[in-house]
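Before any comments, here is the structure.
Computed from the coordinates by the stated procedures, all read-outs in this text should not be read as laboratory data. Computed from a prediction, not measured in an experiment: that's the story for all the values here. Neighbour counts run over all protein chains shown; Cβ positions are idealised from the backbone, glycine included.
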């Protein structure tokens, strides 16, 4: 009787995965059209990922664009075409780190940082959500920040990549350049903390 | 006949978490228990639902994005980049150009250098000749008439000069002193 274990291992790649692999192959050969397909396929995901970590629409848009350009330039260095997504997220993680480093530096030299300006632009440009939605978003941000503060740095990275960005363990492993067993260990720890955080879980339930 | 022993105890919290992270990491008996035990399944479903809700709320917290990837204006096709756009070529060419300018500048400022360089070039040994000279030296390191002078064939070990270089054990103050038992000089 095939168990869930064997079933999962023998699972064939989805047609979408196959298409992505083809695009990667063609883009590596120099096809801009194939890269455009790839970029548009992952654009929303990467934008969301950046937004979670910057909380600025303008910055997220700029950084997303930069990430894809960087990916295009460095595509030749990608050895395994199947790992494109994880590799793309690695570029994104590094770019976010750069962003926060620069932001810290800017704060050191400027009393009024560009963030204030960015936030103003954000408010002007983003379509205004309803007051209830805005409140829920704000509370979600606060509650998730409170929960994340209880996690270690790696636990936070792994948890966010798994449950916010919906990455598979193998993709997280590529993105963070860590073994799958290490990723799982950090996930177990983070989930144990999540399971015991009644406030956050009740908030998620809408209580 | 394969006999499977039904697992009676429930999954631990760690095992429930393991099931949520990667179900295939659970052993077969645990998986079977999870498939039949309503309590454990409910626990797993609750945790999965909370995490699913977290993902949904996270997605909803992001403003809608209508932007798409766009090439920067003026970006040329990969592999057909302009000569000056190629950073590696520019990185190599700039120091080479600076070096060339320094050399030319030095020559222009100090014209006396010119005959000196010419002279050096004239006296330069033909590389092939230089290699054959080296080969000759390797085969016959020293001309035969000097062989006896530099070799130790005709050297008398009792000679005062040789005694200075390689003293006999009994004449060597250090070894002789160490051989003696009793009080050391220092």
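Per residue of peptide A:184-196, the mean number of Cβ atoms on other chains within 10 Å of the residue Cβ is 4. Neighbour counting of Cβ atoms within 10 Å sorts the residues A:186, A:41, B:123, fewest neighbours leading, into B:123, A:41, A:186. Remark: A:162, A:83 ranked as A:83, A:162, counting other beta-carbon atoms within 10 Å and listing the fewest first. A Förster distance of 45 Å, applied to the separation of the beta-carbon atoms of residue B:106 and residue B:146, puts the FRET efficiency at 0.55.
What does the structure give for A:64-77 when I average, per residue, the other chain Cβ atoms found within 10 Å of the residue Cβ? Let's see the in-between values first.
Details: counts 3, 6, 1, 1, 3, 5, 0, 1, 4, 2, 0, 1, 1, 0.
Mean shielding count: 2.
When peptides A:47-53, A:92-98, A:190-196 are sorted by average Cβ neighbour count within 10 Å, with the highest value leading, the order is A:47-53, A:190-196, A:92-98. When each of B:9, B:44, A:180 is scored by the number of other beta-carbon atoms lying within 10 Å, the sequence from fewest to most is B:9, A:180, B:44.
Neighbouring Cβ atoms from other chains, within 10 Å of the Cβ of residues in B:11-22, number 4 on average.
Separation of segment B:13-31 and segment A:131-207, taken as the distance between their Cα centroids, equals 19 angstrom.
A Förster radius of 22 Å combined with the Cβ-Cβ distance from residue A:202 to residue B:59 puts the calculated FRET efficiency at roughly 0.60.
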